[in-house]
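The values are calculated or read from the model by the stated rules, or taken from the named source; none is laboratory data. Keep in mind that this is a model prediction, so the values were computed, not measured. Here Cβ is always computed from backbone atoms with ideal geometry, including for glycine, and neighbour counts include all displayed protein chains. Note: areas computed on protein heavy atoms with side chains; ligands, DNA, RNA excluded. Shrake-Rupley method; radii C 1.70, N 1.55, O 1.52, S 1.80 Å.
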Amino acid sequence: MHVERIELRYIQLPLKHHFETSAIRSFQRDTILVTVWADGVEGWGESAIEAGPWYSPETVETAWHVQRDFLVPMLLGQQLETAAEAFDRLALVRGHNMAKTGLEEALWDVEARQKGISVAQLLGSTSPRIESGVSVGIQDTVDELLELVEGYLAQGYRRIKVKIKPGWDVEVVRTLRQRWPEVPLMVDANSAYTLEDADHLVALDGFDLMMIEQPLAYDDIYQHSLLQRRLRTPLCLDESIHTPAHALAALELGSCRIINIKPGRVGGLAQARRIHDLCQERGVPVWCGGLLEVGVGRAHNVAIASLPGFTLPGDVSASDRYFERDVIELPFRLNPDGTIDVPQGPGIGVEVDRAFLDEVTVRREEFAV
Ligand code: MG
């Protein structure tokens, strides 16, 4: 693939319903879409990022800067054999995984389109659909939460994840469990606790949760291993795992028994697949998280989530979970059985709605050889 042209596009899309984690309440999605042209073929990727450094240290502006000034010049005019080598080609730039992901994913789309196969197939997947779960943010009242969960279950979602924080945890989970004793249920704290809260978190062991996601610091691996020893419920790491080496350390230390893989957090599909392979060799289940991606990043998430080691339903929901209107022609839909189809067309298998994309674009910059 000879990289001829790259376009960055900063878009803002309103969220259907605000999304609140232990850190922040969001009302709109800010994200960067990347288009790469190589050998005349166009591919799309997404740097699923936030306006502020609430989930990761990266922001839209840091990503734009690192892409424009460093990553784009490293790829423009270059010849790549496969998209799988792109992450390593960008290794001189340390970190900035979200900035790298948009470019890397676009190259997977190009390569798959050139070969006339889907990104999922190029990754090595044969599965026609993925199991879909839903992530439900913190609400103003428990009644609002119950109403939302009831709606998602009625739509067919196979697993419910609720965000928790101090003051919105054990009693909320107890209420959910009383109402739905059998539903696959998990919680995500987005680093809202410390080891001093261990006695309190042990109370969550009574509710048959699938897992507790990232209870402790966003950059911690060791303290999670101490907490995991005190809990029957598996811990799952998200924010702490940026590389395959982090995943290995977490598994060796016993810091978690499950890993949430997000391409955006780890620098793209190749790194996501490496972590998947490492976990699969060790019999550790993984699932695909989400960063409120629009249709482009969502398509890449669906592709990676169709690999065989993704044995737990993830956060890859239908487009209408987040947006009134997505930026792709045919939004992702939930099947009545709680699955989402893996697009079988060439590349990511979805087409961008260019007119709508122009409406939601706030900045755009193009680079050519
Ligand atoms: Mg998480």
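Which pairs have Cβ atoms under 6 Å, sit 6 or more apart or on different chains, and link a residue in the stretch 282-309 that is on the phi > 0 side of the Ramachandran plot to one that is open to solvent by 10 Å² or more (accessible area, probe 1.4 Å) and not small (G, A, S)?
Qualifying pairs under 6 Å: L292/R29; L292/Y322.
Would you mind telling me which numbered condition in (1) in contact (Cβ under 8 Å) with a residue 24 or more places away in the chain; (2) over 27 Å from N190 (Cβ atoms); (3) open to solvent by 70 Å² or more (accessible area, probe 1.4 Å) R89 fails?
(1)
Which residue out of T59, T35 is open to solvent by less than 40 Å² (accessible area, probe 1.4 Å) and touching a Pro at 6+ places or on another chain (Cβ under 6 Å)?
After applying the criteria, what remains is T59.
Pull out all pairs, ordered by first then second residue, where Cβ-Cβ is under 8 Å, the residues are six or more apart or on different chains, the first lies in the stretch 222-240 and is in contact (Cβ under 8 Å) with a residue 60 or more places away in the chain, and the second is open to solvent by 10 Å² or more (accessible area, probe 1.4 Å) and of a type outside the set (S, T, N, Q).
Qualifying pairs under 8 Å: E239/Y55; E239/Y218; E239/D219.
Limited to the stretch 289-312, what total is found for residues that are more than 18 Å from R29 (Cβ to Cβ) and either hydrophobic (A, V, I, L, M, F, W, C) or surrounded by 24 or more Cβ atoms within 10 Å (Cβ to Cβ) (or both)?
Selection size over the stretch 289-312: 7.
Is it the case that some residue within the stretch 117-127 is surrounded by 22 or more Cβ atoms within 10 Å (Cβ to Cβ) and within 16 Å of the ligand (Cβ to nearest atom)?
No, the stretch 117-127 has no match at all.
Just checking, how many residues over the stretch 313-356 are of a type in the set (A, V, I, L, M, F, W, C) and either farther than 19 Å from G45 by Cα or surrounded by fewer than 16 Cβ atoms within 10 Å (Cβ to Cβ) (or both)?
Matching residues across the stretch 313-356 total 4.
Determine whether L235 is touching a Lys or Arg at 6+ places or on another chain (Cβ under 7 Å) and open to solvent by less than 10 Å² (accessible area, probe 1.4 Å). Show your work before the answer.
Numbers: touching a Lys or Arg at 6+ places or on another chain (Cβ under 7 Å): yes; open to solvent by less than 10 Å² (accessible area, probe 1.4 Å): yes.
When the stated conditions are applied, L235 passes them.
For a quick check of your reading of the model, give me the residue pairs whose first member lies in the stretch 192-207 and is assigned by TED's automatic domain parsing to the domain that holds L235, whose second is of a type in the set (K, R) and not in a helix (DSSP H, G or I), with beta-carbon atoms closer than 6 Å and at least 6 apart or on different chains.
Sorted first by the residue in the stretch 192-207, then by its partner, the pairs are A192/K165; D205/R232.
Within the stretch 276-286, track down each residue that is closer than 19 Å to H224 by Cα and open to solvent by less than 10 Å² (accessible area, probe 1.4 Å).
C279, V286
Got a number for residues in the stretch 240-267 being surrounded by fewer than 22 Cβ atoms within 10 Å (Cβ to Cβ), within 16 Å of the ligand (Cβ to nearest atom) and either part of a loop (DSSP other than H, G, I, E, B) or modelled with pLDDT under 95 (or both)?
Restricting attention to the stretch 240-267, the residues satisfying the condition of being surrounded by fewer than 22 Cβ atoms within 10 Å (Cβ to Cβ) are 242-246, 248-249, 251-254, 257-258.
The next check asks that each one be within 16 Å of the ligand (Cβ to nearest atom); those that pass are 242, 246, 257-258.
Filter again for either part of a loop (DSSP other than H, G, I, E, B) or modelled with pLDDT under 95 (or both), leaving 242, 257.
Summing the residues that are surrounded by fewer than 22 Cβ atoms within 10 Å (Cβ to Cβ), within 16 Å of the ligand (Cβ to nearest atom) and either part of a loop (DSSP other than H, G, I, E, B) or modelled with pLDDT under 95 (or both) in the stretch 240-267 gives 2.
Could you grab me the full set of residues in the stretch 201-235 that are under 20 Å from V183 (Cα atoms), away from the ligand (no atom under 16 Å from the Cβ), among the hydrophobic types (A, V, I, L, M, F, W, C) and touching a strand residue (DSSP E or B) at 6+ places or on another chain (Cβ under 8 Å)?
Passing the criteria: only F207.
For the stretch 139-182: of the residues being within 16 Å of the ligand (Cβ to nearest atom) and closer than 19 Å to D320 by Cα, which is surrounded by the most Cβ atoms within 10 Å (Cβ to Cβ)?
K161
Do any helices (runs of 4 or more DSSP H) entirely within the stretch 1-104 hold 3 or more residues that are modelled with pLDDT under 95 and closer than 21 Å to A303 by Cβ, and if so, which?
none
Which of the residues belonging to the stretch 281-318 are within 16 Å of the ligand (Cβ to nearest atom), under 11 Å from the mean Cα position of the chain (by Cα) and either basic (K, R) or assigned to a loop (DSSP other than H, G, I, E, B) (or both)?
Listed by number, the residues that qualify are G289, G290, L291, L292, E293, D315, V316, S317.
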